[in-house]
Amino acid sequence: MTMHFRHKAVMGLVCMVLLIFGTLYQVNQGETYFLVEWLQHVPNGDKIGHLMIFGVLTFMLNLTLLGKSVRLGVPGVKKGVQVNLALLLVGLFAVTEEFSQLYIASRNFDFMDLGCDAVGMAVFYLLSKRVLDKTV
């Protein structure tokens, strides 16, 4: 993979992280901006937003990490399960972010949001895998 491609992936990831944290800050404060307001008028816009945000984040992080995986298991046991690092990190972030809404008055916890996060992560992981297979 060319360094130019990797730089683009890192830049995309940085932009996505800034968008996510900026959005989370505003929504947690009970504020909105044009994208959130627009999604509120689209049928199932909240779910589409979850799918796209966590999907694109997974896509960009997987490209940046070049598809790196880690082995998870019990210390001292040779066998473990191989897990894609981008899926693991974004999944942990998604679960943490959704459960944190239980403690924020202006937010609502929703298992459907987690489901949309997971679908977006899976679809965009597969897309990133195809890109990596063609460029690496």
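Some observations on this one:
- Residue within the range 70-82 that is under 21 Å from MET16 (Cβ atoms), β-branched (Val, Ile, Thr) and modelled with pLDDT of 85 or more present: no
- Residues of the range 26-52 that turn out to be surrounded by fewer than 12 Cβ atoms within 10 Å (Cβ to Cβ), touching a residue at least 40 places away in the same chain (Cβ under 8 Å) and either closer than 15 Å to GLU97 by Cα or among the acidic types (Asp, Glu) (or both), as a count: 1
- Some residue of the range 116-132 being in a loop (DSSP other than H, G, I, E, B), in contact with a Gly (Cβ under 6 Å, 6 or more places away or on another chain) and farther than 19 Å from LEU18 by Cβ: no
- Residues satisfying the stated conditions in the range 80-94, i.e. in a helix (DSSP H, G or I) and touching a residue at least 40 places away in the same chain (Cβ under 8 Å): ALA86, ALA94
- Among residues of the range 57-74, those that are out of contact with any helix residue (DSSP H, G or I) (no Cβ under 7 Å at 6 or more places or on another chain), part of a strand (DSSP E or B) and β-branched (Val, Ile, Thr), counted: 0
- The residue that is modelled with the highest pLDDT, among those in the range 1-25 that are surrounded by 14 or more Cβ atoms within 10 Å (Cβ to Cβ) and closer than 21 Å to LEU102 by Cα, is ILE20.
The values are calculated or read from the model by the stated rules, or taken from the named source; none is laboratory data. Source: prediction; values computed, not measured. Every residue, glycine as well, gets a Cβ built from its backbone with ideal geometry; the counts of neighbours run over all protein chains shown.
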